[in-house]
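S.K.: My questions will all concern the structure given below.
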Amino acid sequence: MLAVMRYSGLLLLSALLNACSHTPEQRSDSASPAPATSGQRYAGKDRDWGPNEEIDMSHVQDAVPRYELRTIAGNKNPYTVLGKTYSLMSDERAYKERGKASWYGYKFNGEQTSNGDLYDMFGMTAAHKTLPIPSYVRVTNLANSKSVIVRVNDRGPFHEDRIIDLSYAAAQRLGITRMGTGDVEVEIIVPEDDPRPPLRAHKKAYADANRDIARKPALGSAAQPGAALEGSALATGAYLQIAAFGAENSAKQFATSVGSKLAYPVVISAINAPQKLYRVRVGPFDSAEKIQQARDQLQKINVLESHVVY
C-alpha cells in the first residue's frame with residue numbers, strides 16, 4: 001500500500017510539473033504570450049505545440065515597417081502578469097537587446113493577441129513584454145546571422161530568460177524551431193524615421209494629436225499613398241494574402257469576418273505540401289490602385305499585414 005501511495009504521489013507531482021511548465025510539444029518550448037490564459041479561453045489546449053514536421057517558411061516575407069497610429073489597445077501601462085508588474089518603454093527609438101528568443105504555436109493560433117489581432121503563427125509577428133504595440137523589430141539569430149523583420153502585436157514571453165516570443169514562421173526562418181529557443185539580437189526599426197513622441201496616456205489624446213498626419217508609405221517605398229497608382233496594371237491573378245492557418249475552420253472564420261467588412265472578395269487557397277495550409281487572400285486585382293484601396297480598407301479593420309501573391 002505504501003508503494004502504491006508513493007507511486008500515486010509521483011504521478012500527481014509529474015502532472016503538476018507538466019501543467020505548470022507551459023512548455024509546448026514538438027520542441028517549441030515557448031511561454032504563454034498573452035496575459036489572459038484561462039482554461040476556458042484555451043479549452044482543450046493545455047500545452048502549446050508545433051507542426052509534426054518542419055514547414056519551410058522561406059517564402060513568407062518579412063513584415064514591412066510603416067507608420068501606424070498607436071492606441072491604448074495592447075498598451076496598458078503598467079500591467080501585471082503572474083504577480084510581476086511590467087512598464088512599457090517611455091521611448092523605444094534606441095532599443096537594442098540581446099537574449100533568448102522562443103516561439104509559440106497552435107495553442108494560440110487564431111486567438112486574439114494583446115491588441116486584438118488574431119494570432120497567425122504563419123505570419124511575421126512577435127510578442128514582447130515592454131515595447132509599445134505595434135512596433136517593428138529586426139531579430140537576428142546570433143548563431144547563424146539569419147535575420148527577420150517582425151511586427152510586435154502581443155505581450156510575452158513571461159520567462160525571465162527570454163526577451164521575445166516569435167511566430168512559428170519567424171522562428172523557422174531563423175532556424176530555432178527545432179531547439180525551441182535561440183540567442184538573438186533584437187533591434188527596433190522606426191518606420192520612415194518616424195519622429196512621433198512615445199505613447200500617450202489616452203486614446204483620444206493620441207488620436208487628436210495624429211488626426212492630420214497622413215499615413216506614410218512602407219519602408220523603402222518612394223510612392224506616396226495614392227500616387228502613381230492609377231492605371232498601373234497588374235499581371236493576371238494578383239491577390240493580397242492576409243493570413244494562413246493550419247486549421248480550415250480558423251481560416252473560414254477569419255475569412256468570413258474580414259469579408260463582411262471589405263468591398264473585395266475574400267477567398268481561401270489550400271495547399272497540401274509539406275503540410276495542409278489554408279491561405280486567406282483578398283482579390284483578385286487588376287491594378288495597383290485597387291490593391292492600395294483594399295489595403296486601406298484592411299487597415300481600418302486592423303488587418304495590417306498583407307503581401308501580393310499571384
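The values are calculated or read from the model by the stated rules, or taken from the named source; none is laboratory data. What you are looking at is a predicted structure, and each value in this text was computed from that prediction instead of being measured. We place every Cβ from the backbone using ideal geometry, glycine too, and count neighbours over all the protein chains shown. Protein only, heavy atoms only, side chains kept; ligands, DNA and RNA dropped before computing areas. Shrake-Rupley method; radii C 1.70, N 1.55, O 1.52, S 1.80 Å.
S.K.: Taking region 239-252 only, how many residues are in contact with a Phe, Trp or Tyr (Cβ under 7 Å, 6 or more places away or on another chain) and without any contact (Cβ under 8 Å) to a residue 60 or more places away in the chain?
M.R.: Going through region 239-252 one residue at a time, the tally reaches 2.
S.K.: Another question, then. Among the residues of region 277-288, count how many are under 25 Å from Arg151 (Cα atoms) and open to solvent by 40 Å² or more (accessible area, probe 1.4 Å).
M.R.: Total satisfying the criteria: 1.
S.K.: Could I ask something else about it? Among the residues of region 233-241, are any open to solvent by less than 50 Å² (accessible area, probe 1.4 Å), modelled with pLDDT of 80 or more and outside any strand (DSSP E or B)?
M.R.: Among the residues of region 233-241, not one is open to solvent by less than 50 Å² (accessible area, probe 1.4 Å), modelled with pLDDT of 80 or more and outside any strand (DSSP E or B), which makes the answer no.
S.K.: Taking into account only those residues within region 293-310 that are closer than 18 Å to Tyr119 by Cβ and free of Cβ contacts under 8 Å to residues at least 60 places away in the same chain, which is least open to solvent (accessible area, probe 1.4 Å)?
M.R.: That would be Leu298.
S.K.: Can you find a residue in region 269-292 that is of a type in the set (Asp, Glu), at pLDDT below 80 and more than 24 Å from Asp117 (Cα to Cα)?
M.R.: yes
S.K.: Yes or no: region 74-97 includes at least one residue that is closer than 15 Å to Leu166 by Cβ, in contact with a strand residue (DSSP E or B) (Cβ under 9 Å, 6 or more places away or on another chain), open to solvent by 20 Å² or more (accessible area, probe 1.4 Å) and among the polar types (S, T, N, Q).
M.R.: The answer is no, given that none of the residues of region 74-97 is closer than 15 Å to Leu166 by Cβ, in contact with a strand residue (DSSP E or B) (Cβ under 9 Å, 6 or more places away or on another chain), open to solvent by 20 Å² or more (accessible area, probe 1.4 Å) and among the polar types (S, T, N, Q).
S.K.: Then there is this: Residue pairs, Cβ under 6 Å, 6 or more apart or interchain, first in region 168-189 and among the polar types (S, T, N, Q), second crowded, with 24+ Cβ neighbours inside 10 Å and part of a helix (DSSP H, G or I). List them.
M.R.: Close Cβ pairs (under 6 Å, with a partner that is crowded, with 24+ Cβ neighbours inside 10 Å and part of a helix (DSSP H, G or I)) amount to Thr177/Ala171.
S.K.: Tell me yes or no: at least one residue of region 101-112 is open to solvent by 80 Å² or more (accessible area, probe 1.4 Å) and either closer than 16 Å to Ala126 by Cα or part of a loop (DSSP other than H, G, I, E, B) (or both).
M.R.: Yes - at least one qualifying residue is present in region 101-112.
S.K.: Would region 132-139 turn up any residue that is under 25 Å from Gly246 (Cα atoms) and over 13 Å from the mean Cα position of the chain (by Cα)?
M.R.: The answer is yes, given that some residue of region 132-139 is under 25 Å from Gly246 (Cα atoms) and over 13 Å from the mean Cα position of the chain (by Cα).
S.K.: Going residue by residue through region 59-69, is there one that turns out to be open to solvent by less than 80 Å² (accessible area, probe 1.4 Å), β-branched (Val, Ile, Thr), at pLDDT 90 or above and out of contact with any Cys (no Cβ under 9 Å at 6 or more places or on another chain)?
M.R.: yes
S.K.: A follow-up question, please. Tell me, yes or no, whether region 206-224 has at least one residue that is modelled with pLDDT of 50 or more and either under 17 Å from Phe122 (Cβ atoms) or part of a helix (DSSP H, G or I) (or both).
M.R.: No.
S.K.: Something else now. From the set of residues in region 253-265 that are in contact (Cβ under 8 Å) with a residue 24 or more places away in the chain and out of contact with any Leu (no Cβ under 8 Å at 6 or more places or on another chain), which is least open to solvent (accessible area, probe 1.4 Å)?
M.R.: Ala255
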